[in-house]
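All remarks here apply to the structure that follows.
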There are 2 protein chains.
Amino acid sequence: MFYKYHVFFCTNQRPDGRACCQDHQAAAVRQYAKERVKALGLAVPGGVRINTAGCLNRCASGPVLVVYPQGVWYRYQDRADVDEVIEQHLRLGQIVKRLQI
Amino acid sequence: MFYKYHVFFCTNQRPDGRACCQDHQAAAVRQYAKERVKALGLAVPGGVRINTAGCLNRCASGPVLVVYPQGVWYRYQDRADVDEVIEQHLRLGQIVKRLQI
């Protein structure tokens, strides 16, 4: 695997008022995650990559992120939730069941 | 798995003139792939999803796409290459070795 954990945050903004991840400041939270992962030394070759993505089509469950290649999906509410995913899943390899969808 | 094949096209445009996937019209090619997958009836629940993504950090190999959860990366040159990935990998489940990176 090119990345151990390749994480995609949906940062899609729907223009028509329907629910979307960007309603929850997904782009800013993703930027936060990217900086945290870097600060923790996880953003190394073969390590963790934090990406933005277009609409992942799970709008009703949003805001969402997905961790590949494991294919684990999470709904987060805030940065504390994202911190938990980073610490438990991306650092320790443990799925955060309370946030998993 | 929520999607059998979750495909991410890097559509990042670097602002500073360095090599990037969007130099190769990645967004347009991705749009083409999305429409082809839909036309082939592959864009169904549990099927194929074609997404845009931010910089996947493989700029020198670009334009690139990655198919998850398999974690197979491809470099494409044109729509014919993308058609081959759709037909061989996304429809028949066979890796296209000549395009794999």
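The values are calculated or read from the model by the stated rules, or taken from the named source; none is laboratory data. Fair warning: this is a prediction, and the values are worked out from it, not measured in the lab. Here the Cβ is made from the backbone with ideal geometry for all residues, glycine too, and neighbour counts use every protein chain on show. The area values use the complete protein model at the heavy-atom level, side chains included, leaving out ligands, DNA and RNA. Shrake-Rupley method; radii C 1.70, N 1.55, O 1.52, S 1.80 Å.
Brief remarks on what is shown
- Among residues of the stretch B:46-62 being more than 11 Å from chain A (Cβ to nearest Cβ) and in contact with a His (Cβ under 9 Å, 6 or more places away or on another chain), the one that is nearest to A:Lys34 (Cα to Cα) is B:Gly62.
- Just so you know, in the stretch A:8-20 the residues that are in contact with a helix residue (DSSP H, G or I) (Cβ under 7 Å, 6 or more places away or on another chain) and within 14 Å of another protein chain (Cβ to nearest Cβ) include one that is farthest from A:Gln94 (Cα to Cα), and it is A:Gln13.
- Some residue of the stretch A:80-92 being at pLDDT below 95, more than 22 Å from B:Cys55 (Cα to Cα) and either more than 9 Å from chain B (Cβ to nearest Cβ) or open to solvent by 70 Å² or more (accessible area, probe 1.4 Å) (or both): no
- When the stretch A:43-69 is limited to residues that are touching a helix residue (DSSP H, G or I) at 6+ places or on another chain (Cβ under 6 Å) and over 23 Å from B:Gly46 (Cβ atoms), the one that is most open to solvent (accessible area, probe 1.4 Å) turns out to be A:Ala43.
- From the list A:Arg36, A:Arg30, the one residue that fits, being closer than 21 Å to B:Cys55 by Cα, within 11 Å of another protein chain (Cβ to nearest Cβ) and modelled with pLDDT of 95 or more, is A:Arg30.
- Within the stretch A:70-79, the set of residues being open to solvent by 10 Å² or more (accessible area, probe 1.4 Å) and either free of Cβ contacts under 8 Å to residues at least 12 places away in the same chain or away from every other protein chain (no Cβ under 11 Å) (or both) comprises A:Gly71, A:Arg75, A:Gln77, A:Asp78, A:Arg79.
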